[in-house]
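Here the structure comes first, spelled out in structure tokens, and everything after it is commentary.
No lab work stands behind these numbers, since they all come straight from the coordinates. A quick note: this is a predicted structure, and the numbers were derived from the prediction, not measured. Because the Cβ atoms are built from the backbone with ideal geometry, glycine has one as well, and the counts that use them run over all protein chains shown.
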Amino acid sequence: MALVRINGLHKHFGSNHVLKGIDLDIEEGQVIALIGRSGSGKSTLLRTINGLETFEQGEIEVDGEHLHPRDTDLRALRQKVGMIFQQFNLFPHLSVGRNVMLATQVVKKIGEKEAEDIARTMLLKVGLLEKFDAYPDQLSGGQQQRVAIARALAMQPRVLLCDEITSALDPELVNEVLAVVKTLAAEGMTLIMVTHEMRFAREVGDKLVFMHHGRIHESGDPQQLFANPQTPELANFIGSIN
Amino acid sequence: MNDISTWDIVRNLLDGALWTIGLSLTAFVLGGIAGLALLFARIAKHSIPRFLAKGYIEVFQGTPLLMQLFIIFFGSSLLGLEISPWIAAALGLTLFTSAYLGEIWRGCVESVPKGQWEASASLALTHFEQMRHVILPQAMRIAIAPTVGFSVQVVKGTAVTSIIGFVELTKTGSMLANATFQPFMVFGCVALGYFALCYPLSAYSRYLERNIHGSRAH
Amino acid sequence: MAYTFDFASVLDYSDALLAGTVKTLALTAVGTVFGLGIGILGAVSRAWKLSPFDRIFAVYVELIRNTPFLVQLFFIFFGLPALGLQLNEWQAAILAMVINLGAYSTEIIRSGIEATPRGQIEAAESLAMTRAQVFRHVVLPPALLKVWPSICSQVVIVMLGSSVCSQIAAEELTFAANFIQSRNFRAFETYFVVTAMYFLLAIAVRQAMVQAGQRLIARRKK
């Protein structure tokens, strides 16, 4: 059974019909690359999966947690779904280590020593153990984003949502972040990534989902879709990126 | 004819100044506590506390402090309570302070970037946990300068309480000016007294504004 | 013994209330016009560091902002006669309001001027405008527009502060309230009604200032 199941999802922003009936199943361990023009609804779709956006119609299920339009157990859901943001959003008043430790202590009620061990493990995984006591403003963008990944991983999520996580980075810093994501993918993490990095999507993605005007327009194997887009919209989109 | 020396005048003014300081501290501390409650009400999920808090703030910011004091002073006797000018002054200035501090602090909380709310929400923190661990620590850093800045308004506000009979620096000055027929000297000293109290606070607030960059813990 | 409210007895004196309101608004209007004038002069002096005015204004601003309005009023009305300057209650009240608003608006307008993007000034100077012309056409209007909300707030604060002018027997709205309650012995009702009137006046004054800003500075006809 799929880890993430989305059925008939509709969302409006006021009178703007942003998601017009999304059906999507994601198996455990899959890496989904969500692409499309700005305004296509891809970020909105991502944000409904962890409840940052509400929806009016349809259903979403993540590892047994149901999301309802009106009432969802967000606390339970968000322990299974992690998110990485374009702007990193590290907590500036806390050290790197404390950033990673915070949620495990406050939400999972893990003791200080154990939380610290988990944090060190995660920071080691993203290659930043030596920055444990540093503060976010002392780090480069790429480093901050890797800390953000460590922070999300500390909660041991089943799914990681990545919202254009390299778009705010200087080009030379993009690779260090993508390298971490590649490792996670190889280890079997389920990833849903809104991204503009087409090369990465082709290399690492198991499935490409192209969104257009609030609908899934085309989806399938990344290599095949890039080589042979079935619809003119996707062809145009690929053309405009190159 | 009274033969009151300059030293007598200064001594009496210092006495009045002590009462000014006492009232200011009382109003600031109690007003701060009430202001914190107002802050939580203002950003609450439910519309009722939000609406009530907003109304409270608009009333206290949109009416003269003198009128607020009069209403408390005369209203209390309607309730059968005989309150002294000190109690009326403390109560009035406390409510006044709470409205302004609550609003200042709300502005500081709202200036914490939205991404901080989203990131902490994504980590499954509850609203209260978000406030306690992520939002308030950052908001407090931003709030220090305007809070110290407002303390100047509190000290200046104590002068109005002289009108309902509370004997602080201004009232003492008025009485002395009448007794000595030297209003220029007396009110000049009164002004200097307030200046001595307020200027350090103003200068400190400006210093804080220049030096707090908002993010670092140290 | 239950207390029965009697608001009607306040409204019996609606003439006095109206007269007081008009006086309060007039006091505020005069104070605003001249206070802003001083504010512009002070802001320019400080922003352009025009010696010795910049230091004079700096001292003036610090003195006014760190002393209570009531004390400034008492000093002008009771203290200045010792120097031979005898003012009646209206002259003293207006002078105090002008001086008070002048200090605050100096700082507010100064911050607006100093926030002018360098590029604006450079563009204007490249068009061969004189310093004064640059100021009048390119610097001042956007600066005022930018800080207009702060100015509106300060005017409302000054209007509410005019309440203490009743203490030197200027017959504005608070003085009317004092007078009424001494006649009808309904202090609470009287002050309650007058407080409500101030609340509405504050809204009205703010609206008027917002409109004035749009008409005079933004040149937008609404």
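Data for the structure
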{"read-out": "Cα centroid separation - segment B:58-113 against segment A:205-242, whole Å", "value": "62 Å"}
{"read-out": "GNM flexibility winner over chain A from A:Ser140, A:Ser219, A:Ser15 (Cα, springs under 10 Å)", "value": "A:Ser15"}
{"read-out": "Whole-number percent relative contact order across chain C, with pairs defined as alpha carbons under 8 Å at least 6 apart", "value": "30 percent"}
{"read-out": "Prolate/oblate/rounded call for chain B, Cα gyration tensor, a/c under 1.5 rounded", "value": "oblate"}
{"read-out": "Residues A:Thr44, B:Thr158, C:Thr21, A:Thr183, sorted so that the one with the fewest Cβ neighbours within 10 Å comes first", "value": "A:Thr183, C:Thr21, A:Thr44, B:Thr158"}
{"read-out": "Normalised contact order of chain B, rounded percent, pairs of Cα under 8 Å and 6 or more residues apart", "value": "30 percent"}
{"read-out": "Fraction of antiparallel bridges per DSSP, the protein assembly as shown only, in percent to nearest 5", "value": "55 percent"}
{"read-out": "J(HN,Hα) series, segment B:151-163, from Karplus relation 6.51 cos²θ - 1.76 cosθ + 1.60, nearest Hz, glycine and proline x", "value": "4, 4, 5, 5, 4, 5, x, 4, 4, 5, 5, 4, 6"}
{"read-out": "Partner lysines for C:Lys146 [C-alpha distance under 23 Å; skip if fewer than 8 residues away on the same chain]", "value": "C:Lys49, C:Lys221, C:Lys222"}
{"read-out": "In Hz, Karplus ³J(HN,Hα) per residue of segment C:197-207 (6.51, -1.76, 1.60; θ = phi - 60°; x = Gly, Pro)", "value": "5, 4, 4, 5, 4, 4, 4, 5, 5, 4, 4"}
{"read-out": "Amide proton proximity set for A:Gly36, modelled H, under 5 Å, gap of 5+", "value": "A:Met211"}
{"read-out": "Check: segment C:58-161 dipole with +1 on Lys, Arg Cβ and -1 on Asp, Glu Cβ, in debye", "value": "160 debye"}
{"read-out": "Cα shape, the protein assembly as shown, gyration tensor, a/c 1.5 rule", "value": "prolate"}
{"read-out": "C:Phe75, B:Phe128, B:Phe51 arranged by Cβ crowding within 10 Å, fewest neighbours leading", "value": "B:Phe128, B:Phe51, C:Phe75"}
{"read-out": "Count of Lys pairs (Cα-Cα under 22 Å; at least 8 positions apart or interchain) in chain B", "value": "4"}
{"read-out": "Top positive-direction residue, dipole computed over the protein assembly as shown with Cβ charges, set A:Leu77, B:Pro49, B:Phe70", "value": "B:Phe70"}
{"read-out": "Farthest positive-ward along the protein assembly as shown dipole, Cα basis, beta-carbon charges - from C:Tyr191, A:Phe91, B:Leu136", "value": "C:Tyr191"}
{"read-out": "GNM top mover of A:Leu123, A:Leu52, A:Leu102 - chain A, alpha-carbon springs below 10 Å", "value": "A:Leu52"}
{"read-out": "Amide H partners (placed H, <5 Å) of A:Gly21, local residues excluded", "value": "A:Leu9, A:His10, A:Lys11"}
{"read-out": "Relative contact order [Cα under 8 Å, 6+ residues apart], segment A:4-241, whole percent", "value": "27 percent"}
{"read-out": "Bins of 5 Å from zero: percent of alpha-carbon pairs in segment A:4-241", "value": "1, 7, 14, 18, 19, 17, 12, 8, 4, 1, 0, 0"}
{"read-out": "Cα centroid separation, segment B:1-45 to segment C:16-53 (Å)", "value": "29 Å"}
{"read-out": "Over chain A: helical MRE at 222 nm, DSSP H runs n ≥ 4 each giving -39500 (n - 2.57), nearest 500", "value": "-11000 deg cm²/dmol"}
{"read-out": "Overall form of segment C:1-127 per C-alpha gyration tensor (a/c, 1.5; a/b vs b/c)", "value": "prolate"}
{"read-out": "Lys, Arg +1 and Asp, Glu -1 on Cβ, resulting dipole of chain A about Cα centre, debye, nearest 20", "value": "300 debye"}
{"read-out": "For A:Val31, residues with placed amide H under 5 Å, excluding near neighbours", "value": "A:Leu191, A:Asp206, A:Lys207"}
{"read-out": "Ascending count of other beta-carbon atoms within 10 Å, so fewest first, for C:Leu27, C:Leu11", "value": "C:Leu11, C:Leu27"}
{"read-out": "Charge dipole magnitude, Cβ of K and R +1, D and E -1 - segment C:11-216, Cα centre, debye nearest 20", "value": "500 debye"}
